[in-house]
Amino acid sequence: MTGTGRVRPGGGSRPAGRRAQILRLAADLFHRHGYHQVSMTEVAGGLGITAPALYRHFRGKPELLHQVVGAGLDALAAALAPVRGTAELCAALSTVAIEQRPLGTLWQRDARLLPPGRRAGLRRELRADVRLMAGLLRADRPGIPPADAELLCWSALSVYGGLSNHSFAPPLRRFELLLREIGTALLAVSFTGAADRPPVLAGPVADRPGERREELLAAAVRLFHERGFDNVSTGRLGAAVGMAGPSVYHHFDSKAALLAAALERSRERLRQEVGHALDGAAAADAALAAGLRAYIGFARRHGHYLGAMLSETERLAPADRKAAVDFRRDFLRTWVGLLRQVRPGYDAAEARIRVHSMFALVNDGVRNRPHSERADLADCLERMARAVLGL
């Protein structure tokens, strides 16, 4: 037992029959629409059963989410169990990434909405998988420090899990080979000689008219990312900046308006910081290198925004959601175009997969403790990102 009410593969309990059908459908619906946007009635209707029949299998939607995420982690553990060596490890992770495509989104976006005890139990399961992976890596690379091996393995999970964030894929066999190639390059990265690069933290809000509004925007991004939009009250938002909850409405018409403004302000900063780095280079390879360093620097200062961008965009009103999605699409297109200039042999699909993987690696890497506290994190992330991009 794991302490989460579940038994991992090999313990004699695996979902079968109707229960497995429910888990597969719920995983797909949560992945495509978001946990809060899917009702138990919709899940039941998708299977042609009644809601009471669904409740005979699961007491409620939180338990369903818990079991859905757990089933994905079980599939990962089952794939890792027979692995011997890093070549087999990359093959196993590639298979899981393709066959369990919702898992990355479910883990990054929706699992944080679970009660703390259940979330912690699932995290322990994932840590056990990472320890197994790190042991395999250290067997193939005996000199690598344990902390470096674990950082590489967590990063590999981020890379493969990041594939949840897009729906396109080249032909299956080619997809598998590309994923193995990316994983192999990543797990071969060395951090020897990585330089300490302390983060340049975002400065305090200046004392100016509108200061409280800026404080609210920063607090909103952090709280929405950590707890989810629906789990953050105006009272909690106000308390984060030393005001009464109703006073939030002096600055924003609604909590949704605050979310939209917070994500818009963060997009402006990302566009300014990374765009300036990209535009300031004369050649594509120099632009890619400068943009990568700028993106890593931005991520270290504004990791909550990057998390909220992925997890809370669906909570925006249609016009605001379109603006957010259009920005992400344009941002991705810029990086794909640069990468294809530097690596002309990449077609659009390969370049997009590599860029998506790089973003996932960086976005997770700046938040995944204790590795996110490494003094040399920026250099380590840059080395891994370049390997994933094929540079």
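The values are calculated or read from the model by the stated rules, or taken from the named source; none is laboratory data. Everything numeric here is computed off the predicted structure, so don't read it as measured data. Neighbour counts run over all protein chains shown; Cβ positions are idealised from the backbone, glycine included. These accessible areas exclude ligands, DNA and RNA; they are computed on the full protein's heavy atoms, side chains included. Shrake-Rupley method; radii C 1.70, N 1.55, O 1.52, S 1.80 Å.
Mind checking whether some residue in the stretch 315-323 is within 22 Å of Leu223 (Cβ to Cβ), in contact (Cβ under 8 Å) with a residue 24 or more places away in the chain, out of contact with any helix residue (DSSP H, G or I) (no Cβ under 6 Å at 6 or more places or on another chain) and among the basic types (Lys, Arg)?
no
Could you list, in sequence order, the residues of the stretch 163-181 that are surrounded by fewer than 14 Cβ atoms within 10 Å (Cβ to Cβ), in contact (Cβ under 8 Å) with a residue 24 or more places away in the chain and assigned to a helix (DSSP H, G or I)?
Leu172
For the stretch 259-271, indicate whether the set of residues that are open to solvent by 20 Å² or more (accessible area, probe 1.4 Å) and farther than 22 Å from Ser311 by Cβ is non-empty.
The answer is no, given that none of the residues of the stretch 259-271 is open to solvent by 20 Å² or more (accessible area, probe 1.4 Å) and farther than 22 Å from Ser311 by Cβ.
From Leu259, Leu288, which residue is more than 18 Å from Phe224 (Cα to Cα) and in a helix (DSSP H, G or I)?
Only one candidate passes the filter, namely Leu288.
Is it true that some residue in the stretch 112-122 is within 19 Å of Ala360 (Cα to Cα), at pLDDT below 90 and either assigned to a helix (DSSP H, G or I) or in contact with a strand residue (DSSP E or B) (Cβ under 9 Å, 6 or more places away or on another chain) (or both)?
Yes, because at least one residue in the stretch 112-122 is within 19 Å of Ala360 (Cα to Cα), at pLDDT below 90 and either assigned to a helix (DSSP H, G or I) or in contact with a strand residue (DSSP E or B) (Cβ under 9 Å, 6 or more places away or on another chain) (or both).
If you check Tyr160 against the conditions, is it modelled with pLDDT of 90 or more, aromatic (Phe, Trp, Tyr) and either at negative phi or buried (at least 18 other Cβ atoms within 10 Å of the Cβ) (or both)?
In short, yes.
Sort through Ala294, Ala324 and tell me the only one that's touching a Ser or Thr at 6+ places or on another chain (Cβ under 9 Å), open to solvent by less than 30 Å² (accessible area, probe 1.4 Å) and farther than 20 Å from Leu186 by Cβ.
From the options Ala294, Ala324, the qualifying one is Ala324.
This table checks each residue for (1) touching a Leu at 6+ places or on another chain (Cβ under 8 Å); (2) of a type in the set (A, V, I, L, M, F, W, C); (3) modelled with pLDDT under 90.
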position: Gly3; (1), (2), (3): no, no, yes
position: Arg6; (1), (2), (3): no, no, yes
position: Gly12; (1), (2), (3): no, no, yes
position: Ala20; (1), (2), (3): no, yes, no
position: Ala27; (1), (2), (3): yes, yes, no
position: Arg32; (1), (2), (3): no, no, yes
position: Tyr35; (1), (2), (3): yes, no, yes
position: Val38; (1), (2), (3): yes, yes, no
position: Val43; (1), (2), (3): yes, yes, no
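Inside the stretch 13-107, counting only helices (runs of 4 or more DSSP H) that do not spill past its ends, which hold 1 or more residues that are aliphatic (A, V, I, L, M), touching a residue at least 24 places away in the same chain (Cβ under 8 Å) and closer than 21 Å to Ser158 by Cβ?
Correct list: 17-33, 61-80, 86-99.
When Arg118 is evaluated against the numbered criteria (1) under 20 Å from Phe30 (Cα atoms); (2) under 18 Å from the mean Cα position of the chain (by Cα), which criterion, by number, is the only one it fails?
If we test Arg118 against (1) under 20 Å from Phe30 (Cα atoms); (2) under 18 Å from the mean Cα position of the chain (by Cα), just (2) comes out false.
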